[in-house]
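A short worksheet on the structure shown next.
The values are calculated or read from the model by the stated rules, or taken from the named source; none is laboratory data. If you're wondering where the values come from, they're calculated on a predicted model, not measured in any experiment. Cβ placement follows ideal geometry from the backbone for every residue including glycine, while neighbour counts extend to all protein chains displayed.
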Amino acid sequence: MNPDATYNEDMDGEDDVRASQRQVVRSDEAGMRKRVTVAENQAQQQASQNGQIDTSTFFLMLAVAALFDLFSLIPGGGFIVTPLATITFYFWFKKHGVKYDRASRWIISIGTPIVELIPFIDIFPTWMLEISFFYLSIKAEQNSK
């Protein structure tokens with residue numbers, strides 16, 4: 001026999017009211033938690049729309065850039081890695097709300113793939129330099145506000 005079923009059958013009218021009040025309270029608490037979660041998500045989206053990149057994202061981007069630089073050292077690898085890295089970082093920055101509203105950002109964004117396609121010059125870690133430049137320019141922009 002199910003103990004919950006017995007408990008529900010034995011409850012009188014006053015206990016029914018208390019049970020329904022507990023359910024309301026529980027549903028209110030769940031709603032509160034959900035509202036907090038929504039507020040946290042909105043704060044994260046607001047930060048992303050303002051072009052903010054946190055330190056952990058920067059280091060993740062830097063690690064990916066290091067992998068792209070490493071793979072571009074393979075003969076002919078630059079022709080495969082360059083378009084992939086360009087698209088990856090463009091959309092990654094766009095996802096975080098980074099705007100290409102400065103000439104320096106456009107020059108770096110266009111110059112990096114060009115440098116990576118030039119033989120013997122592509123040994124420089126240009127993808128890592130691009131990510132570092134973008135991060136530093138974003139931090140400088142935030143500090144000036």
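A few comments on the model shown:
- Taking segment 64-84 as the range and being of a type outside the set (A, V, I, L, M, F, W, C), in a helix (DSSP H, G or I), closer than 15 Å to residue 121 by Cβ and in contact (Cβ under 8 Å) with a residue 24 or more places away in the chain as the test, the residues that pass are 69, 78, 82.
- Filtering 74, 87, 118 for residues that are out of contact with any strand residue (DSSP E or B) (no Cβ under 6 Å at 6 or more places or on another chain), modelled with pLDDT of 90 or more and surrounded by fewer than 13 Cβ atoms within 10 Å (Cβ to Cβ) leaves a single hit, 87.
- Among all positions in segment 98-112, there is at least one residue which is basic (Lys, Arg), within 19 Å of the chain's Cα centre (by Cα) and at pLDDT below 85.
- Listed by first and then second residue, the pairs linking a residue in segment 125-145 that is at pLDDT 90 or above and among the small types (Gly, Ala, Ser) to a residue that is buried (at least 21 other Cβ atoms within 10 Å of the Cβ) and assigned to a helix (DSSP H, G or I), with Cβ atoms under 9 Å apart and 6 or more places separating them unless they lie on different chains, are 132/65.
- Only one of the listed residues (114, 108) is free of Cβ contacts under 8 Å to residues at least 24 places away in the same chain, at negative phi and assigned to a helix (DSSP H, G or I). That residue is 114.
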